[in-house]
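Just below is one structure, and these are the notes that go with it.
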Amino acid sequence: MNSSVKLVIFDWDGTLFDSVSQIVASLQFAAQQFQQPLSDEDAKSIIGLGLPEVAQRLFPNVPELHANILQSYSEHYVANSSGDSWFEGVAHMLADLQQHGVKLAVATGKSRKGLDRVLKQTNSEQLFVTTRAASETRSKPDPLMLEEILAETGVQAKHALMVGDTSYDLEMAQNMAMPSVGVSYGVHEPELLAQFNPVCIVDDVTALHAALLAKVQWKQVI
């Protein structure tokens, strides 16, 4: 019996897309507009969650301001993120995986509107067989978006890999017994990622590319 990875599901921000610093800047801008203190560390820590969950975690004492803060954040991010792009090597990695016959998908904390915008910005709509945004399902680490992707693609969890830079990504995969790969060049430190038992943790896109190819090409004879 042959076993190999047939589907790789990527987080977006901090995993494929070099956008963490702009997300932090936009969150801090929005917080400042409503006189809410927000440190770099706190802003960075929630990247990967859906926007309602971000507001609940960062501003728990002012629920009446959540909608306005998120609107301010979104407007600032869109106005200032046109220069954000994939990490170096991502385009080649995705094209190479696709050439190996691997299905590619995205599971992100972005809204659908935000995800569609960056897919168009990177001209990558055709690379992914499906995508899920937190605004249309449950936020990480709930595994619902992964369950939906597997149902749509017809791939079993054991033949898929979740790739992400945060504990939310890896915990989401762990919650449904899907193997995962952590990347340390995004948001969370390797020590935190390791708590969720990824197959491996890599330090750059080159190492990620090699690790994924090894899994795609790996065969086990039983």
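Of the residues Pro179, Pro141, the single one that is within 19 Å of Ile46 (Cα to Cα) and open to solvent by 20 Å² or more (accessible area, probe 1.4 Å) is Pro141. Residues that are in contact (Cβ under 8 Å) with a residue 60 or more places away in the chain, among the acidic types (Asp, Glu) and not assigned by the TED database to the domain that holds Val24: find the helices (runs of 4 or more DSSP H) completely inside the range 143-222 holding 1 or more of those. Once the helices (runs of 4 or more DSSP H) in the range 143-222 are filtered for at least 1 residues that are in contact (Cβ under 8 Å) with a residue 60 or more places away in the chain, among the acidic types (Asp, Glu) and not assigned by the TED database to the domain that holds Val24, what remains is 167-174.
Only one entry in Ser85, Ser19, Ser72 is modelled with pLDDT under 95 and open to solvent by less than 50 Å² (accessible area, probe 1.4 Å), namely Ser19. For the structure I just gave you, tell me whether Gly114 is open to solvent by less than 20 Å² (accessible area, probe 1.4 Å) and either among the basic types (Lys, Arg) or farther than 20 Å from Asn175 by Cβ (or both). Spelling it out, Gly114 is indeed open to solvent by less than 20 Å² (accessible area, probe 1.4 Å) and either among the basic types (Lys, Arg) or farther than 20 Å from Asn175 by Cβ (or both). When you check Ala95 against the structure, is it among the aliphatic types (A, V, I, L, M), out of contact with any strand residue (DSSP E or B) (no Cβ under 6 Å at 6 or more places or on another chain) and free of Cβ contacts under 8 Å to residues at least 12 places away in the same chain, yes or no? It is false that Ala95 is among the aliphatic types (A, V, I, L, M), out of contact with any strand residue (DSSP E or B) (no Cβ under 6 Å at 6 or more places or on another chain) and free of Cβ contacts under 8 Å to residues at least 12 places away in the same chain.
Restricted to the range 92-111, and to residues there that are within 21 Å of the chain's Cα centre (by Cα) and over 13 Å from Phe10 (Cβ atoms), the residue that is most open to solvent (accessible area, probe 1.4 Å) is His92. Please work out if Val129 is open to solvent by 50 Å² or more (accessible area, probe 1.4 Å) and in contact (Cβ under 8 Å) with a residue 24 or more places away in the chain. In short, yes. Restricting attention to the range 149-167, the residues being surrounded by fewer than 17 Cβ atoms within 10 Å (Cβ to Cβ) and either under 15 Å from Asp13 (Cβ atoms) or among the charged types (D, E, K, R) (or both) number 2.
This table checks each residue for (1) of a type in the set (D, E, K, R); (2) in the same structural domain as Ser39 (by the TED database); (3) farther than 30 Å from Ser4 by Cα.
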| residue | (1), (2), (3) |
| --- | --- |
| Ala55 | no, yes, yes |
| Asn61 | no, yes, yes |
| Glu88 | yes, no, no |
| Leu97 | no, no, no |
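A single member of Gln121, Gln195, Gln174 is over 21 Å from Ile23 (Cβ atoms), surrounded by fewer than 17 Cβ atoms within 10 Å (Cβ to Cβ) and among the polar types (S, T, N, Q), and it is Gln195.
The values are calculated or read from the model by the stated rules, or taken from the named source; none is laboratory data. Computed from a predicted structure; not experimentally measured. Glycine gets a Cβ as well: all are built from the backbone with ideal geometry, and neighbour counts include every protein chain shown. Surface areas here come from the heavy atoms of the whole protein model, side chains and all, with no ligands, DNA or RNA. Shrake-Rupley method; radii C 1.70, N 1.55, O 1.52, S 1.80 Å.
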